[in-house]
Amino acid sequence: MRVVPVSLGERSYKILVGGGLLDRLGRECARLGPGRRCAVITDSNVGPLHGARAMESLRAAGFDPVLVTIPAGERSKRWQVVARCHDELAKARLERRSFVVALGGGVVGDLAGFVAATYLRGVAFVQVPTTLLAQVDSSVGGKVGINLKAGKNLVGAFHQPRLVLCDLDVLGTLPAREFQSGIAEVIKYGVIADAAMFRRLERGMPRLLARDAAELAWVVARSCAVKAWVVGQDETESGLRAILNFGHTVGHALEAISAYGKWLHGEAISVGQVVASQLSVATQGMPQADADRVRALLQRAGLPVETRLANAQATRLAAAMQLDKKVVGGEVRFVLARRIGEVTWGQAVPIDRVLELMLPSRADAGAGATGLE
């Protein structure tokens, strides 16, 4: 088992990475000293696969858990589902010393964390991410929240988990498309902070796609270590933490204008990273060869690298980017790269320049292109 610390003073916690960890959930939670009552929030996909094991582990450790199941998918990140979860927690008589376990992917983690942050003005929660994307990204750092029709994650809080438990064995049930989606965030870490990691991904992508146990353990632990370092420097995104959003301005906008159904998160930010790389070449002096490497690695991971936009879709995308949390004074601010392994943030880029990269002049956008319709 690998242990990655997240150093945040009194809010510090550990990320555990390894196989078979779900069966240790109850014992690890008991080390935290919480109350007996707890809730496991999961979704309709993950619950039937892993819910019983999580509940059994908690009961064996002396806890009294209740299982709350929400519909699978990004559309569950909304007020109505939060309210239903609050009602379930109240019905189960959870108290201030109770805790919530988020058992699922990024949607479950974001929603369950937000439920924990707002129930009784905040109860503890534990992240048990079951997708690659959630293990390497959304389960770490304390960002929790829900979507509005206008955009993604526009309502939320910073609420750090007490523990993150990454059981690599559960990734065996993950569909290939979901697994590849998570690799987009892994590649991002190499681009923003670790050129050596990026080179290893270039060499080891076939092993990662084959879910080789040793490669997977290294990738998850290294990704968590990069994010933990960034979060430890800037917990509430007042500066450095913004670099974690490389590719996300365009990516979140693509998710929003497709009603959170067409794109998986990693697929959308894959396109966003290619756009950000080309903007970096034009404005930051990033070598074109580095931008080409980013695009090629995303393609090798089976991810889309461009999309065709009709004029009406481009207008909606521009409006969605204007609602991005990084907009300052009406200007959309991007995270851009000087080279692989080094980025800068807060860079203002005219939206028209972004759209130029997403409105191919040729009729066929070529290999790796994906339409929104």
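The values are calculated or read from the model by the stated rules, or taken from the named source; none is laboratory data. Model, not experiment: these values are computed from the prediction. Glycine gets a Cβ as well: all are built from the backbone with ideal geometry, and neighbour counts include every protein chain shown.
As a summary of the residue check, C29 satisfies the conditions (1) assigned to a helix (DSSP H, G or I); (2) out of contact with any Cys (no Cβ under 8 Å at 6 or more places or on another chain); (3) within 17 Å of F125 (Cβ to Cβ); (4) touching a residue at least 60 places away in the same chain (Cβ under 8 Å) except for the one numbered (2). Tallying residues that are surrounded by 18 or more Cβ atoms within 10 Å (Cβ to Cβ) and in contact with a Gly (Cβ under 6 Å, 6 or more places away or on another chain) within region 24-62 yields 5.
Can you tell me which residue within region 325-336, out of those that are out of contact with any Leu (no Cβ under 9 Å at 6 or more places or on another chain) and either buried (at least 21 other Cβ atoms within 10 Å of the Cβ) or not acidic (D, E) (or both), is nearest to I146 (Cα to Cα)?
Step one: list which residues in region 325-336 are out of contact with any Leu (no Cβ under 9 Å at 6 or more places or on another chain), which gives 326-333.
Among the residues that remain, those that are also either buried (at least 21 other Cβ atoms within 10 Å of the Cβ) or not acidic (D, E) (or both) are: 326-330, 332-333.
Working: K326: 17, V327: 19, V328: 22, G329: 24, G330: 23, V332: 21, R333: 22 Å.
Restricting to residues being out of contact with any Leu (no Cβ under 9 Å at 6 or more places or on another chain) and either buried (at least 21 other Cβ atoms within 10 Å of the Cβ) or not acidic (D, E) (or both), the top hit is K326.
Out of all the residues in region 9-22, is one or more part of a helix (DSSP H, G or I), farther than 18 Å from K143 by Cα and not assigned by TED's automatic domain parsing to the domain that holds Y260? Yes, region 9-22 contains a residue that is part of a helix (DSSP H, G or I), farther than 18 Å from K143 by Cα and not assigned by TED's automatic domain parsing to the domain that holds Y260. Per the listing E74, E88, E56, the residue uniquely under 27 Å from E185 (Cβ atoms) and of a type in the set (D, E) is E74.
Among residues that are modelled with pLDDT of 95 or more and out of contact with any Ser or Thr (no Cβ under 8 Å at 6 or more places or on another chain), E342 is included. Look at region 196-224: where a residue is surrounded by 15 or more Cβ atoms within 10 Å (Cβ to Cβ) and a partner is among the hydroxyl-bearing types (S, T, Y) and assigned to a helix (DSSP H, G or I), sitting 6+ places away or on another chain with Cβ atoms under 6 Å, you get S223/Y189.
Taken as a whole, the structure leaves V170 outside the set of residues that are in contact with a strand residue (DSSP E or B) (Cβ under 6 Å, 6 or more places away or on another chain) and closer than 22 Å to L25 by Cβ.
Hey, does region 245-253 have a residue that's among the hydroxyl-bearing types (S, T, Y), at pLDDT below 95 and under 14 Å from the mean Cα position of the chain (by Cα)? So far as region 245-253 goes, yes, one or more of its residues are among the hydroxyl-bearing types (S, T, Y), at pLDDT below 95 and under 14 Å from the mean Cα position of the chain (by Cα).
Could you tell me whether any residue of region 231-247 is farther than 21 Å from V328 by Cα and touching a residue at least 12 places away in the same chain (Cβ under 8 Å)? It would help to see each step written out before you state the result.
Narrowing region 231-247 to residues farther than 21 Å from V328 by Cα: 231-233.
Now narrow it down to the ones that are touching a residue at least 12 places away in the same chain (Cβ under 8 Å): 231-232.
Scanning region 231-247 turns up at least one residue that is farther than 21 Å from V328 by Cα and touching a residue at least 12 places away in the same chain (Cβ under 8 Å).
Output the strands (runs of 3 or more DSSP E) that fall wholly within region 137-180 and possess 1 or more residues being surrounded by 20 or more Cβ atoms within 10 Å (Cβ to Cβ) and modelled with pLDDT under 95, or say none. Quick ask: steps written out before the conclusion?
On the way: elements: 143-148, 151-158, 163-167.
The strands (runs of 3 or more DSSP E) meeting that bar are 143-148, 151-158.
Checked against (1) touching a helix residue (DSSP H, G or I) at 6+ places or on another chain (Cβ under 7 Å); (2) modelled with pLDDT of 95 or more; (3) of a type in the set (G, A, S), A256 passes all but a single condition, namely (2). Look at region 38-64: where a residue is among the basic types (K, R) and a partner is not in a helix (DSSP H, G or I), sitting 6+ places away or on another chain with Cβ atoms under 7 Å, you get R59/P65. Report, by residue number, each residue of region 63-93 that is assigned to a loop (DSSP other than H, G, I, E, B), under 20 Å from R36 (Cβ atoms) and in contact with a helix residue (DSSP H, G or I) (Cβ under 7 Å, 6 or more places away or on another chain). Across region 63-93, the qualifying residue is only F63.
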